[in-house]
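The values are calculated or read from the model by the stated rules, or taken from the named source; none is laboratory data. Quick caveat: nothing in here was measured; it's all calculated off a predicted structure. Here the Cβ positions follow ideal geometry from the backbone for every residue, glycine too, while neighbour counts run over all protein chains shown.
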Amino acid sequence: MDKHFSTEGMTLIQKVGPFVELFFDFTKLPGLNLAEEYFTVRAVPSASYLPVEWARPNSEGPLFFGLRSGTHYNVELLRTPHLRYRVESQIKPLPWVDLIMEHENLCRLVWGNLDLGSLGQGKEWLLIEADGKQVARCHIHGLPEAHIRNRPNHLKISFEGGSEIFRVETNLNQTQLVARLQVDLEKRTPDFIFSKVTGPSRRLKTRAEIEAFFDMDRFFVESFRKKVPNCPAEQVGGLLRFIEDGKPVWEVRQSGYAAKPNLGLIDQIQTKEWGLEKALPVKAFRVGLQITTRHRETYRFTLIEKQFDQPHANGLLAFGEEEIGRAKARLAETHPHSSWDQAFLELVFYFKVEGHPWQEFQRESAHNTRWDWEPGDSGESYSAEWVLFDLADPSQELVLFRSGQVHRDHFKPKVVLKPHNDRRLLVWWELERPGVEKFIKETWGVGLDQVGFYLKLHEEHLGNRTLRPDLETPIVDLLGIYQNLYIDVEPNRCYSAEIVARHHHMEAALTPVSGNIVTPRGKGEVSSHLAGVRPLGDHWHHPSQREVRQNGHDSANRAKVMLHLHMHSPNLFRVEPFRDSYLKDVVWPIRTPHGEEVHNPPGEWALKNCLDAWLPLLMVFKKLADEGVDYQCSLDISPPVAYMISHPRFKDYLCRLLIRMQAHTQSQIALMKSRLEAPAFIWAAQKHLDQLKALDFFYNQVIHKDMIGQFRALELSGFLEISTCTATHGMPACLESMPDSLDAQLTLAARAHHRIFGDRPRGIWLAENSCFPSVDRFLDKEGLHYYFVEAEAALSASSRPGPEEFNPLVHPESNVVAFGRSRMGRVQVWDAEIGYAGHPDFREYHHRHWGLPLKRITSKTSEHKEAYDPDRAHQTAREMAQDFYKKLCSKAGELEHWEIPNQPLITCTYDAELFGHHWAEGPVFIEELLREFNRVGDYIGLTTPSHYLVGYPSLPEAIPNPSTWGHESTHIRWTDPKVAWTQRELERADGIEQHYLGRAIKGELNAYQKELVEQMGVELNRAISSDLTFVIISGDFEEDMQREIQKYLDYFYKLKYLIDNGVEDQEFLAFRRYENDMFPEIKDYYRIR
């Protein structure tokens, strides 16, 4: 499906739709004097209202772009000189001016050393002109800066209506064309899909959507004119028609740049809202065209307005083709990266009567590509039509697209128990009103209002089921839109449930008995039974199973210390980075409508975690190894992180973000200097810039973007043990009732790790440290020998371990080992009150200065924050690492007097992102701690899971208490009422996936449909991510995270729609595979073709 375009030294590949990758062969391109110049890429579309795309290659590629299908582009490689400029002014001394390239097509002008109040002689506004065109207007008391696009040669700053202040001559346009590609991106056939979508309500919800494509308006007009040749372009409208069980039931307007004003509404406003006895005659109408981009970056921005004395003879108020062209040009000028075709456009109508201001009275859709429809409960099959019609004569219509059928899914009656905390469970159920009504009618001959509904709980023990009448719960809203509730239970019990109906003294079950769930022991509860000790039995090889070379020998260690880092960030990357403004020639960081900068938006999370934590930690590990400092450290690199840091798109974006961050920091320093900021803050900003340059050099010049290769080399040398994590950070305890999805999370994780690192993982980090009693069966199946739990899971295990959390536990029915997290290590490093990370010298995470992290914590009780001193902070971090080492030694000395069957183990587990992202000095702390182990002696020693288990195979035998490392070690944050709906939707999709896998195995699906089923599995797994629900509960980017869950489930149902309707859309499948290609192992995992 790839389409190639090549010229000397440059190749562009159209992968799917508008998404292209650009490669370079520098051996066939002219050489560069890197001290003077560099290459840039400019992709220029033929349509003037589409944005020009820019990028700066720093390798052979690929560079990734999201362009527009069906469009011609000139893709140009330019030899570009480094920025030089000259300032001229009649003012003496010469004004201080700095010009910084923040993007290849965006510069930032900053000025200072000017008394504008005196110079302006009462004039308060400045005009900034670029190549003779006004580009900005600034108040003299505002920030002395302006962002300027399009690489100007000449800049002039003057008072509005007054004299020139200074001018700047630049070399920004002195580029030289090196190579050019003429690219015609294939136009794809428009897709019209009608499918199920998900949301908090359990009711059926559908979405009709026509895929946005370039120049949709022209396509609609040309299509309609084939049937109605003389219809003016401005009279062509579009609507969606929804059909239930073969009958049209609803229509909603979607497009058209004209509409008839509702005159009756005008009369109602005057008489009912204004209180006039009689409506006044309308003097004039005004119509505006407003745009709202898909995710509201641009919200109700007016592109064009037009005034009318009266409607046209056909009753319409309309914009003509020329006026719509001007609106598109205005959008290109003011919001160059907002897509007209993907946006929501509205006609806004106003009227004017004598003695009253303009009054809005009507809104009509002018351009929309999708609509969500929630049908009633009576229908069984639904479809939609995209209809074009004459706005002046609606009887003239053309059905442009007809969808296939969406059938109502009927789920078998069931009740499901989900973990919440030690004394509460989330219960949700599947019951449909028609089915319940029929059952009650057939059973007792009565209606629903004559019966009661109850949730009955059973206690399960050693295969015996005992009814618990004391825990029975009446269900008031059995058939409501949520169908869930929370019930109070007892700790350390195994429960099952069913829903019954009662009429007088008679009872009938509405659902089968649910699967079992074990509630955790209460806080502080421990088993009265002491755990026995048994040999581990399993043996395996890992490079870290060696003696750590330090001052002494392993055999002299009083205790072992395992430092484990959990490296994870959700994969929120898209092939079309519509919100990633750092890639575009717009102001970055993005700002809210109120002008506040948004730091670390979701699209940048993984990149920022990489720059703040993963790269600095890798620098530490490599530096110590290169210096001959021996150490051992355990870390898991989650499949999303391993996928991202190895993917060319991530590498491309990370390089471009690094360039943008350096330029932004440089321009902020210039702005600080212009405002005579305190030297301490300027120095802190300069040190921040130096750190970014060091990361850039390390990533590009030292490791050549190969983070996986460096981590793997350190593992093969015995410094690291790298394990994996559940595939998309799905929580095992929340997936206990979905064993197929849980198995997929574990199997895909292990296989993806093998593909990326070249070796099978020996252990796994279960997302959020979530576990349940029989989780070991799933791990043992995949050859995963160990996992990690909270200290509370070990302390409150099924049998009481004598050494508390200082020896791992082995499961009774397998050789799977659970390492309990040290409470001391947890509190000492990360506790909000006494933890190291909260020291006043350390960099403040939340408070910024000029948009940069330039403040130190100073005080936990005051908003006053002083300038950050990196040197002082780093010294404090080193002292704390030495203190932590002493505390670990002290704990080891204490453990010597315990009756511990093996050498004690202090397991310190943390999020890797703590060290650098949340705690800026964290990598310094880690480096000094590892150095301290190496230089001080052999009182305690470092180890990894495989290293420890090969030497000390006799372990306490017990099942860890169900827990997480979240709030109070419970699942509260992941089964909260705000996100409980996700549990239902994921389980529904899991059941549908199993149904289609069964059909594939039976031979009921063709080869293409089997590929769709495989991709459905990939989409489902992407939706199973604990990060997304956690962020929703935290209250940050709540809408984004809910949309992320829904996005993958909605794609799941679109793929299902293609199977159900026998539609073969190879390009849509190719698009999903291109964007969501995390698990190519899915084919071998399912084995259905």
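Just one of the numbered conditions (1) part of a loop (DSSP other than H, G, I, E, B); (2) out of contact with any Pro (no Cβ under 6 Å at 6 or more places or on another chain); (3) buried (at least 17 other Cβ atoms within 10 Å of the Cβ) is not true of GLU913: (1). Residue check: ARG999 meets all listed conditions (1) under 21 Å from ASP740 (Cα atoms); (2) buried (at least 23 other Cβ atoms within 10 Å of the Cβ) but one, namely (2). LEU83 meets the conditions (1) assigned to a loop (DSSP other than H, G, I, E, B); (2) surrounded by 16 or more Cβ atoms within 10 Å (Cβ to Cβ); (3) in contact with a Ser or Thr (Cβ under 8 Å, 6 or more places away or on another chain) in every case but one. The failed one is (2). In summary, ASN492 fulfils each of the numbered conditions (1) surrounded by 13 or more Cβ atoms within 10 Å (Cβ to Cβ); (2) within 26 Å of ARG408 (Cβ to Cβ) with the single exception of condition (2).
Listed here are the residues, each with its yes/no results for (1) in the same structural domain as GLU333 (by TED's automatic domain parsing); (2) in a strand (DSSP E or B); (3) more than 40 Å from the chain's Cα centre (by Cα); (4) farther than 27 Å from TRP54 by Cβ.
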{"site": "TRP111", "(1), (2), (3), (4)": "no, yes, no, no"}
{"site": "LEU126", "(1), (2), (3), (4)": "no, yes, yes, yes"}
{"site": "GLU129", "(1), (2), (3), (4)": "no, yes, no, no"}
{"site": "GLY142", "(1), (2), (3), (4)": "no, no, no, yes"}
{"site": "LEU155", "(1), (2), (3), (4)": "no, yes, no, no"}
{"site": "ALA179", "(1), (2), (3), (4)": "no, yes, no, no"}
{"site": "GLY199", "(1), (2), (3), (4)": "no, no, no, yes"}
{"site": "ARG207", "(1), (2), (3), (4)": "no, yes, no, yes"}
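Scanning segment 772-810 for residues that are more than 30 Å from the chain's Cα centre (by Cα), within 15 Å of ALA749 (Cα to Cα) and outside any loop (DSSP other than H, G, I, E, B) gives ASP780, LYS781.
The condition of being surrounded by fewer than 20 Cβ atoms within 10 Å (Cβ to Cβ), under 23 Å from TRP981 (Cα atoms) and among the hydroxyl-bearing types (Ser, Thr, Tyr) holds for only one of THR443, THR473, that being THR473. Considering the conditions (1) acidic (Asp, Glu); (2) touching a residue at least 24 places away in the same chain (Cβ under 8 Å); (3) in contact with a Leu (Cβ under 7 Å, 6 or more places away or on another chain), GLU804 is excluded by exactly one of them, (2).
For (1) of a type in the set (A, V, I, L, M); (2) closer than 21 Å to VAL348 by Cβ; (3) assigned to a loop (DSSP other than H, G, I, E, B), each residue gets a yes or a no:
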| site | (1), (2), (3) |
| --- | --- |
| VAL228 | yes, no, yes |
| LEU239 | yes, yes, no |
| PRO261 | no, yes, yes |
| LEU265 | yes, yes, no |
| LYS278 | no, no, yes |
| LEU289 | yes, yes, no |
| TYR299 | no, yes, yes |
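Applying the set (1) surrounded by fewer than 20 Cβ atoms within 10 Å (Cβ to Cβ); (2) out of contact with any helix residue (DSSP H, G or I) (no Cβ under 9 Å at 6 or more places or on another chain); (3) closer than 30 Å to ASN609 by Cβ to VAL575 leaves exactly one unmet item: (2). Selection of first residues in segment 1069-1088 that are closer than 17 Å to ALA744 by Cβ and of second residues that are at pLDDT below 95 and part of a loop (DSSP other than H, G, I, E, B), restricted to Cβ pairs under 7 Å at least 6 apart or on distinct chains, gives the following pairs, ordered by first then second residue: MET1078/ASN571. Inside segment 687-720, residues that are in a helix (DSSP H, G or I) and over 31 Å from the mean Cα position of the chain (by Cα) make up a count of 1. Out of all the residues in segment 868-890, is one or more outside any helix (DSSP H, G or I), assigned by TED's automatic domain parsing to the domain that holds GLU604 and crowded, with 20+ Cβ neighbours inside 10 Å? Yes, the conditions are met somewhere in segment 868-890.
Condition check for ASP115 on (1) within 12 Å of ILE165 (Cβ to Cβ); (2) crowded, with 20+ Cβ neighbours inside 10 Å: one failure, at (2).
Residue-by-condition table, conditions (1) among the small types (Gly, Ala, Ser); (2) surrounded by 21 or more Cβ atoms within 10 Å (Cβ to Cβ):
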| residue | (1), (2) |
| --- | --- |
| ALA606 | yes, yes |
| LEU617 | no, yes |
| ALA625 | yes, no |
| CYS633 | no, yes |
| ILE637 | no, yes |
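For segment 164-175, the set of residues classified as in contact (Cβ under 8 Å) with a residue 40 or more places away in the chain and not basic (Lys, Arg) consists of GLU164, ILE165, PHE166, VAL168, GLU169, THR170, ASN171, LEU172, GLN174, THR175, listed by residue number. For the subset of segment 398-417 comprising residues that are within 30 Å of GLY238 (Cβ to Cβ) and hydrophobic (A, V, I, L, M, F, W, C), which member is surrounded by the fewest Cβ atoms within 10 Å (Cβ to Cβ)? Checked segment 398-417; the qualifying residue surrounded by the fewest Cβ atoms within 10 Å (Cβ to Cβ) is VAL399. If I filter segment 603-622 for residues that are assigned to a loop (DSSP other than H, G, I, E, B) and of a type in the set (S, T, N, Q), do I get at least one hit? There is no residue in segment 603-622 that is assigned to a loop (DSSP other than H, G, I, E, B) and of a type in the set (S, T, N, Q). Which one is farthest from the chain's Cα centre (by Cα) among residues in segment 465-497 that are among the acidic types (Asp, Glu) and more than 21 Å from HIS971 (Cβ to Cβ)? Ranking the qualifying residues of segment 465-497, first place goes to ASP470.
I'd like to check something: does segment 457-464 contain any residue that is in a strand (DSSP E or B) and surrounded by fewer than 12 Cβ atoms within 10 Å (Cβ to Cβ)? Yes, some residue in segment 457-464 is in a strand (DSSP E or B) and surrounded by fewer than 12 Cβ atoms within 10 Å (Cβ to Cβ). Look at segment 395-412: where a residue is over 17 Å from LYS227 (Cα atoms) and a partner is part of a loop (DSSP other than H, G, I, E, B) and β-branched (Val, Ile, Thr), sitting 6+ places away or on another chain with Cβ atoms under 8 Å, you get GLY404/VAL1063.
Considering ALA384, ALA392, which residue is outside any loop (DSSP other than H, G, I, E, B), on the phi < 0 side of the Ramachandran plot and not assigned by TED's automatic domain parsing to the domain that holds VAL52?
ALA384
Report yes if TRP96 is out of contact with any Ser or Thr (no Cβ under 7 Å at 6 or more places or on another chain), aromatic (Phe, Trp, Tyr) and under 22 Å from MET672 (Cα atoms), otherwise no. Taking the combined requirement at face value, the residue does not satisfy it. Scanning segment 549-570 for residues that are of a type in the set (A, V, I, L, M, F, W, C) and not in a strand (DSSP E or B) yields one hit, ALA556. Filtering segment 418-438 down to residues that are among the acidic types (Asp, Glu) and surrounded by fewer than 19 Cβ atoms within 10 Å (Cβ to Cβ), which residue is nearest to the chain's Cα centre (by Cα)? My answer is GLU432. Residue by residue through segment 494-523, note down the ones that are touching a residue at least 40 places away in the same chain (Cβ under 8 Å) and assigned to a loop (DSSP other than H, G, I, E, B). The answer is LEU510, THR511, PRO512, VAL513, SER514, GLY515, ASN516, THR519, PRO520, ARG521, GLY522, LYS523.
Restricted to segment 955-1061, the set of helices (runs of 4 or more DSSP H) holding at least 2 residues that are under 16 Å from the mean Cα position of the chain (by Cα) and polar (S, T, N, Q) comprises 1026-1034, 1038-1060.
Enumerate the pairs (first residue in segment 434-456 and under 27 Å from LEU417 (Cα atoms); second residue anywhere and of a type in the set (Ser, Thr, Tyr) and surrounded by 15 or more Cβ atoms within 10 Å (Cβ to Cβ)) with beta-carbon separation below 7 Å, excluding pairs fewer than 6 apart on the same chain, so at least 6 apart or on different chains. Pairs found: TYR454/THR473; LEU455/THR473.
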